[in-house]
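Only one structure is covered here, and it is reproduced in the block below.
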Amino acid sequence: MVGLVLKRRAPHAREVAKDLIGWLQAHGHRPLAEPEDAAWLGAIASDKSDMFARADAIAVLGGDGTLLATARLAGEREVPIVGVNLGSLGFLTEIGIDDLSAAVDRALRGEAAIDRRRMLRATVRRGSGESEVYQALNDAVLSRGSLGRIINVETHVDGKFLALFKADGVIISTPTGSTAYSLSAGGPIVHPSVRVVVLAPICPHTLSVRPIVIDDGSVLAFRLRSPGEELLLTLDGQQTVRLGADDTVEVTRSPHYACLVRSPQLGFYDLLRTKLGWAR
């Protein structure tokens, strides 16, 4: 089975999906699609979580945002994700439309080059004793709940005090996310294979605070130390959780990976040059 996830507003998404389903059916594969798309595509209805449980590969037709939303559901089954760029930048969605069926075929045969991208696990521990667990492929961002005010974020690494960040917030980024929000905040570009996380303060109110690179086996803990303020936890820029003064956020390396099918034509450094214009 092959799952299809579409960005419905993306140009040509339906046409590309129809072509792929025709190819899948001609080669004896059953397509899965989200319930909103399944009927008109002629596919089996399946939500994203169910796709990871049933599919042998997942094709994401959209942009990086669509891929991030899909990858956060990655679990113990490391299902290959074929990201097809129908958006603007497409840094994570490497596969071109013309190579889509061939990339899916390679993934199904176990012959595709796979990037096993490390993810983050963010655990919110409420003052009431309850806890909630979230995942992110790019980053977990702690930011202020109200505009125009600096917040104080107390930060510990492996139980040891690191800093009280006086800033608009803090970005906790994977190597995959180092080319996203973290880069805009002055963080370094990190190759996806390096086992680290980047802590990048957002607009810190001091000249001495700079992004810091930490081993991804560390346990990072954060707590708001600004009375009367609210803290927001945002995962991959898409999922937001509100936090109070009695809540703590613990960020660790996730036990799960996002398995992205690589383009045979483009490597990481090629993407830096062609997509981000690096070193031009």
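The values are calculated or read from the model by the stated rules, or taken from the named source; none is laboratory data. Everything quoted here is computed from the prediction, not taken from an experiment. For neighbour counting, all protein chains shown are included, and Cβ atoms are generated from backbone atoms with ideal geometry for every residue, glycine included.
Tabulated values for the structure
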{"quantity": "All positions within region 121-138 that are assigned to a strand (DSSP E or B) and either surrounded by 15 or more Cβ atoms within 10 Å (Cβ to Cβ) or free of Cβ contacts under 8 Å to residues at least 60 places away in the same chain (or both)", "calculated": "Arg121, Ala122, Thr123, Val124, Arg125, Ser131, Val133, Tyr134, Gln135, Ala136"}
{"quantity": "Condition broken by Ile189, with the remaining ones in (1) closer than 17 Å to Glu132 by Cα; (2) in contact with a helix residue (DSSP H, G or I) (Cβ under 7 Å, 6 or more places away or on another chain); (3) β-branched (Val, Ile, Thr) satisfied", "calculated": "(1)"}
{"quantity": "Neighbours by Cβ (under 6 Å, 6+ apart or cross-chain): first from region 251-272, more than 18 Å from Asp216 (Cα to Cα); second in a helix (DSSP H, G or I) and not charged (D, E, K, R)", "calculated": "Val261/Ala103; Val261/Ala107"}
{"quantity": "Unmet requirement for Tyr269, which otherwise passes all of (1) in the same structural domain as Ser128 (by TED's automatic domain parsing); (2) within 30 Å of Ile114 (Cα to Cα)", "calculated": "(1)"}
{"quantity": "Residue among Val261, Val198 that is touching a strand residue (DSSP E or B) at 6+ places or on another chain (Cβ under 8 Å) and either under 19 Å from Asp139 (Cα atoms) or among the small types (Gly, Ala, Ser) (or both)", "calculated": "Val198"}
{"quantity": "Residue check for Ser182: hydroxyl-bearing (Ser, Thr, Tyr) and at pLDDT below 95", "calculated": "no"}
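Okay, residues lined up against (1) within 13 Å of the chain's Cα centre (by Cα); (2) acidic (Asp, Glu); (3) over 25 Å from Thr174 (Cβ atoms):
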{"site": "Ile81", "(1), (2), (3)": "yes, no, no"}
{"site": "Thr93", "(1), (2), (3)": "yes, no, no"}
{"site": "Asp105", "(1), (2), (3)": "no, yes, yes"}
{"site": "Gly110", "(1), (2), (3)": "no, no, yes"}
{"site": "Ile114", "(1), (2), (3)": "no, no, no"}
{"site": "Arg121", "(1), (2), (3)": "yes, no, no"}
